[in-house]
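Peer 1: Questions regarding the structure given below will be posed in turn.
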Amino acid sequence: MAITGALLFLYVVAHALANLKIFFGPDALDGYGHWLRTLAQPAFGYGGLLWVARAVLLAALVLHVTAAAQLARRARKARPVGYAHRATVQGSYPARTMRWGGVLLLLFVVYHVLDITTGTLNPHGVPGEDYRNVVADFQRWPVVVAYTAAILALGLHLWHGVWSALQSLGSTLAARRAARIAALAASVSICAAFLSVPFAVLTGVLR
Amino acid sequence: MKLTLKVWRQPGPDAPGRLVGYPVDDLTPDMSFLELLDVLNQRLILAGEDPVAFDHDCREGICGACGVVVNGRPHGPQRATTACQLHLRAFRDGDTITVEPWRAGAFPIVRDLVVDRGALDRIVQAGGYVTAPTGSAPDAHAVPVPKADADTAFEAAACIGCGACVAACPNGSAMLFTAAKATHLGVLPQGQPERATRAESMLAAHDELGFGGCTNTGECTAACPKGIPLTTIARLNHDILRA
């Protein structure tokens, strides 16, 4: 859980930073997309390394979801009869939303790939014209609402996930408040980076 | 003071159980929660009914025998307090209180509110001790222990094995218990040689007994009557990864 989560977290950080290229104009973003495909081209061919990365991410995701499903199944078996009176959350709220929040994120990832990667659900949907695709998306408010909800779910997921991974890996850092603060700071900055794009489109900063 | 209790009644391990309502009056705010159950039982006995079975022993918060889930919270609404040290002033006159046993597959119900917590003993039997005979209590300072380590060990050793962590955990995990029992030995010199293998075999027993996996939700720490911190689990994880 912690190791696959860490891999996916690193990807999310890279993705959030890459998204900010949109503020440098269409050439910066579209050029970046093109550059990703030409990375190590002599060895892997055009877009080859990208497929390697996708395969690794997909494997991490499958293992992550499998581990989550196993934990959920064990939890159900460990408490065959539930409580009649369910108490309010005493521990961490984001921790209690990990499973259903994770399912929500999974659905979003499917939509997001169909929208941005394949362009199937994108109103512009021209491969290589990433800037125009993104702007066309966020000019529609239902897309912005769905995207914002998904990013906030991601924020909650990472807030608990980053800290929990440190705890599971027995980090001595977890013994201190610093780990909790680091996890919160990471999740807030990632949310801010992701959300800056749709709101820049909505307010007309990007057009 | 008058309270209405909804108590889980189950005549035996395999018999079906249900919540039964009992109005109890003539209570005082300085009665403990167990005294409330005593009062109820006296009246049930006088009426010729079966008293409610519940575990208790020292009634001073140090033995770990008592423990019921009060309104969904193990040991009731007060932090770092066992059910025997919980007083009726924590409730309001006229409240309805739901009283349930610890709910876990590894803790089969014996009767009413009594569960068999033998699974916790079996986790300790799997390695929660020092194998080498260490003799009688050594002279103080014969083995130097840094103050910080002594404090950490003592914090973990405060675990009374009541099982509230399991009752509170949404995953039904006994990780806080296991971590406390591994840590109070692992950070001391006598426990060092077997530190990693101890953690590994105790966790293996924990999983085999049917407890759930830890997802660091922190409900255990919130429910623990001894306030054992979640960092204890990080230390156990650290030891397991070293094994």
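Peer 1: Does the range A:56-78 hold any residues that are within 7 Å of chain B (Cβ to nearest Cβ) and either out of contact with any helix residue (DSSP H, G or I) (no Cβ under 9 Å at 6 or more places or on another chain) or under 18 Å from B:Ala223 (Cβ atoms) (or both), and which are they?
Peer 2: Once the filter is applied, which keeps residues that are within 7 Å of chain B (Cβ to nearest Cβ) and either out of contact with any helix residue (DSSP H, G or I) (no Cβ under 9 Å at 6 or more places or on another chain) or under 18 Å from B:Ala223 (Cβ atoms) (or both), the range A:56-78 yields A:Ala75, A:Lys77, A:Ala78.
Peer 1: For the range B:224-237, which positions are under 19 Å from B:Asp151 (Cα atoms) and either more than 8 Å from chain A (Cβ to nearest Cβ) or of a type outside the set (A, V, I, L, M, F, W, C) (or both)?
Peer 2: B:Cys224, B:Pro225, B:Lys226, B:Gly227, B:Ile228, B:Pro229, B:Thr231, B:Thr232, B:Arg235
Residues checked against (1) acidic (Asp, Glu); (2) buried (at least 16 other Cβ atoms within 10 Å of the Cβ); (3) within 19 Å of B:Cys165 (Cα to Cα):
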{"position": "B:Val24", "(1), (2), (3)": "no, yes, no"}
{"position": "B:Leu27", "(1), (2), (3)": "no, yes, no"}
{"position": "B:Asp30", "(1), (2), (3)": "yes, no, no"}
{"position": "B:Phe33", "(1), (2), (3)": "no, yes, no"}
{"position": "B:Ala47", "(1), (2), (3)": "no, no, no"}
{"position": "B:Asp50", "(1), (2), (3)": "yes, no, no"}
{"position": "B:Asp55", "(1), (2), (3)": "yes, yes, yes"}
{"position": "B:Cys58", "(1), (2), (3)": "no, no, no"}
{"position": "B:Ala65", "(1), (2), (3)": "no, yes, yes"}
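Peer 1: Ok, one more. Does the range B:85-97 hold any residues that are crowded, with 19+ Cβ neighbours inside 10 Å and more than 18 Å from the chain's Cα centre (by Cα), and which are they?
Peer 2: B:Leu88, B:Phe91, B:Ile97
Peer 1: Still on this structure, I have one more. Got a sec? Which of B:Pro23, B:Pro11, B:Pro16, B:Pro101 is out of contact with any strand residue (DSSP E or B) (no Cβ under 8 Å at 6 or more places or on another chain), on the phi < 0 side of the Ramachandran plot and outside the structural domain of B:Ile160 (by TED's automatic domain parsing)?
Peer 2: B:Pro16
Peer 1: Any residue in the range B:69-84 that is over 16 Å from B:Gly161 (Cβ atoms) sitting within a Cβ distance under 6 Å of a residue that is crowded, with 18+ Cβ neighbours inside 10 Å and of a type in the set (Asp, Glu)? List the pairs, counting only those 6 or more apart or interchain.
Peer 2: B:Val69/B:Glu100
Peer 1: For a quick check of your reading of the model, give me the residue pairs whose first member lies in the range A:79-97 and is more than 7 Å from every other protein chain (Cβ to nearest Cβ), whose second is at pLDDT below 90, with beta-carbon atoms closer than 7 Å and at least 6 apart or on different chains.
Peer 2: From residues that are more than 7 Å from every other protein chain (Cβ to nearest Cβ), the pairs are A:Val89/A:Arg96.
Peer 1: Check whether at least one residue in the range B:114-122 is part of a helix (DSSP H, G or I) and surrounded by 19 or more Cβ atoms within 10 Å (Cβ to Cβ), and report yes or no.
Peer 2: The answer is yes, given that some residue of the range B:114-122 is part of a helix (DSSP H, G or I) and surrounded by 19 or more Cβ atoms within 10 Å (Cβ to Cβ).
Peer 1: Can you go through B:Ala180, B:Ala148, B:Ala140 and tell me which one is of a type in the set (A, V, I, L, M), in contact (Cβ under 8 Å) with a residue 24 or more places away in the chain and outside the structural domain of B:Leu86 (by TED's automatic domain parsing)?
Peer 2: Criteria check complete, one pass: B:Ala180.
Peer 1: So B:Gln192 ticks every box in (1) within 14 Å of another protein chain (Cβ to nearest Cβ); (2) without any contact (Cβ under 8 Å) to a residue 40 or more places away in the chain; (3) polar (S, T, N, Q) but one. Which box is left unticked?
Peer 2: (1)
Peer 1: Which condition breaks for B:Gly72 when tested against (1) surrounded by fewer than 19 Cβ atoms within 10 Å (Cβ to Cβ); (2) within 15 Å of B:Ser32 (Cα to Cα)?
Peer 2: (2)
The values are calculated or read from the model by the stated rules, or taken from the named source; none is laboratory data. Treat the numbers as computed from the prediction; the structure is a model and nothing was measured. Neighbour counts are summed over all protein chains in view; Cβ atoms, including those assigned to glycine, are modelled from backbone coordinates with ideal geometry.
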